[in-house]
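Here the structure is laid out as structure tokens; the discussion comes afterwards.
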Amino acid sequence: MDSDLHARRGPLRGFSINRLIPNVLTLAALCSGLTAIRFALQGQFKLAVIAIFVAAVLDALDGRVARRLGVTSRFGAELDSLSDFLCFGVAPALVLYLSSLNGAGSLGWIVTLMFPMCSALRLARFNTALVADTPPPAWTGSYFTGVPAPAGALLALIPLMVSFEIEASWPRHALVSGVALVVVGGLMVSRLPTFSFKKGRVPRHLVLPALLGAALAMGVIASSPWIGLSLLGLAYMSLIPYSWVSYRRQARQSRDGGEIVNLRPVDRGASGQD
């Protein structure tokens, strides 16, 4: 009787381990973001920032692993959206509130609320753009609209990271942290095109200088991590005007060729994202 029942139902089916790996990485990033909040509540702000960076590394990996394994899914994309909102929207804002903005009263909390709301609006903009009938040109994959969420978290945390290295009170002043949150939140929801380095190509004659520059950056980060990461964030911001000029030039060329230009809405990281 058991054999007849098994024959009617067919063999048991399940998910392969490969399909679970990207989602496991996303959940690990989510745990890291939650741990950053725990460290911030305990006043261990260096560990909180490190936890956010660990979440950023895991967020960068999950989408690439999913595509390499050919297991991208809508479930993974939605899970990654929730993880991004917490890790790069809620966690950085709470870290800065507990380290700086809590002394500014209600105004400090209002500024804190603005940053995760900008992150949520950014993700919502992407989700609604998924149902667009007209796909954008292939070249727009080299750009994001606005600053990506992980980069936004890095930029917002620059004042706090500077305070880890220098003996001064101004980097943790509520005004400095508040301005950082407002400016970066605005960049996240803006329509400014920013470079997507994962799909960019380095000209052959610039490969060696690029490698030397990467080695120099890693050396600075290894010797003075907080200053190095802060300089890396500032260097990224300095590239935004160049990305805008580059995008406008390519958009003009596409219009001359009769091609419809729509900028890709946002970065995605896991199982079909980024």
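List of remarks:
- When the criteria are applied in full, residue 147 meets the requirement of being over 16 Å from residue 49 (Cα atoms) and touching a Ser or Thr at 6+ places or on another chain (Cβ under 8 Å).
- Highlighted here are the helices (runs of 4 or more DSSP H) found entirely within segment 25-132 that include at least 3 residues which are within 20 Å of residue 164 (Cα to Cα): 45-69, 91-99.
- Residue within segment 145-165 that is outside any helix (DSSP H, G or I), crowded, with 19+ Cβ neighbours inside 10 Å and on the phi > 0 side of the Ramachandran plot present: yes
- Within the option set 68, 74, 64, being open to solvent by 10 Å² or more (accessible area, probe 1.4 Å) and either under 30 Å from residue 168 (Cα atoms) or in contact with a Lys or Arg (Cβ under 9 Å, 6 or more places away or on another chain) (or both) holds for one residue only, 64.
The values are calculated or read from the model by the stated rules, or taken from the named source; none is laboratory data. This structure is a prediction, so every number in the text was calculated from the model and none was measured. Methodologically, a virtual Cβ is constructed for each residue, glycine included, from the backbone with ideal geometry; neighbour enumeration extends over all protein chains shown. Note: accessible area is taken over every heavy atom of the protein model, side chains too, but ligands, DNA and RNA are not part of it. Shrake-Rupley method; radii C 1.70, N 1.55, O 1.52, S 1.80 Å.
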